[in-house]
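Scroll down for the structure; my scribbles are underneath it.
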Amino acid sequence: MKPIVISLGGSIISKETLELEFIQKFSRMLKNTEKFDKFGIVVGGGRLARTYISSLKEYNINDNVLDEIGINATRMNALTVSTFLEGVNSKIPTTVNDASELVAVYRHVVMGGTEPGHTTDTVATLLAERIGARTLINATSVDGVYSDDPKKVKNARKFDHLSYDEAIKLAVDKSIGAGPNVFMDITALNIAKRSKLKVCVIDGTNMEEYEKVMEGKSISGTVIE
Ligand code: UTP
């Protein structure tokens, strides 16, 4: 079995409070999937990152510094998640290189961000490429990719399936003038395209969706391939 990489969106871990119940549920789900191979888990910054970044932005702090602060938030969340898993690294690697070496040692490898200028979605696709994963689960707070933001547009349409180019076009259109909440960052989609990585965008709080991806069943979310 090939390893699977999960990009665990910060928005499902760090809301107004830390979502410890979710992390426990996630940990139990991984424990029940022992017949599957290794998991690389890349954790986002969520509310923790956004609180710092949006406050500091008002003081015109350099974007590179804001990214570094965001990276530190992702690593705090990554360490929190790793604390609840078994067979996992307890020191958070700071590069994809270091993470890929840990894959030989642990069943699960958990990490956060790496360098300024991208998001943990890109880190997840790079890790997937590096460790030979064929599937990336993008666990988000929405249950798939929509034509418009379903929280704002009533008749937004959910896609079952998108080609890489359709997903890239949608992400470009959505990122014009929008906040950070595009379903996946464009660099990540381009990396997925070049290595023909299957991307499953799912509701990250729905454990059945992870299990369906692992078992090769059809999902309620969106498949990009
Ligand atoms: P996230 O990966 O959580 O960003 O990293 P996001 O996708 O915008 O947020 P969610 O997951 O939808 O809530 C948080 C921030 O940390 C910096 C970026 O500023 C990013 O917005 N970051 C993260 C980096 O600069 N490099 C990284 O490798 C990761």
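Computed from the coordinates by the stated procedures, all read-outs in this text should not be read as laboratory data. In this text the structure is predicted, and so the values were computed from the model without any measurement. Note that we place each Cβ from the backbone using ideal geometry, even for glycine, and neighbour counts take in every protein chain shown.
Values for this structure:
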| quantity | calculated |
| --- | --- |
| √(5λ) per eigenvalue of the Cα gyration tensor, the stretch 1-84, largest first, Å | 29, 14, 8 |
| Loop sites in the stretch 125-166: chymotrypsin sites (Phe, Trp or Tyr not before Pro), DSSP, at most 10 other Cβ within 10 Å | none |
| Relative pair counts by distance (%), Cα atoms of the stretch 62-102, 10 Å bins | 27, 47, 22, 4 |
| Length-normalised contact order of the stretch 52-203 in % [C-alpha pairs under 8 Å, at least 6 apart] | 22 |
| Among Leu56, Leu197, Leu127, residue whose mean-square fluctuation peaks in a GNM of the chain (springs only between Cα atoms under 10 Å) | Leu56 |
| Kirkwood Rh and Cα Rg combined as Rg/Rh, the stretch 152-225 | 0.97 |
| Taking all pairs of distinct alpha-carbon atoms in the stretch 82-225, Kirkwood radius in angstrom | 16.0 |
| Sorted by Cβ neighbour density within 10 Å, fewest at the top, the residues His118, His108 | His118, His108 |
| Antiparallel DSSP beta bridges within the stretch 1-125, percent to nearest 5 | 10 |
| Viscosity 0.692 mPa s, temperature 37 °C, Stokes-Einstein D of the stretch 105-183 from Kirkwood C-alpha radius, µm²/s | 224 |
| Cross-link partners of Lys193 among lysines (Cα-Cα below 30 Å; sequence separation of 8 or more within a chain) | Lys2, Lys35, Lys38, Lys151, Lys152, Lys158, Lys169, Lys174, Lys212, Lys217 |
| Over the stretch 1-144: Kirkwood hydrodynamic radius from C-alpha pairwise inverse distances, Å | 15.2 |
| Difference of contour (0.36 nm per residue) and Cα-Cα distance, Asp173 to Asn60 | 38.0 nm |
| Qualifying GluC sites (Glu not before Pro) in the stretch 84-129, DSSP loop, other Cβ atoms within 10 Å at most 16 | Glu86 |
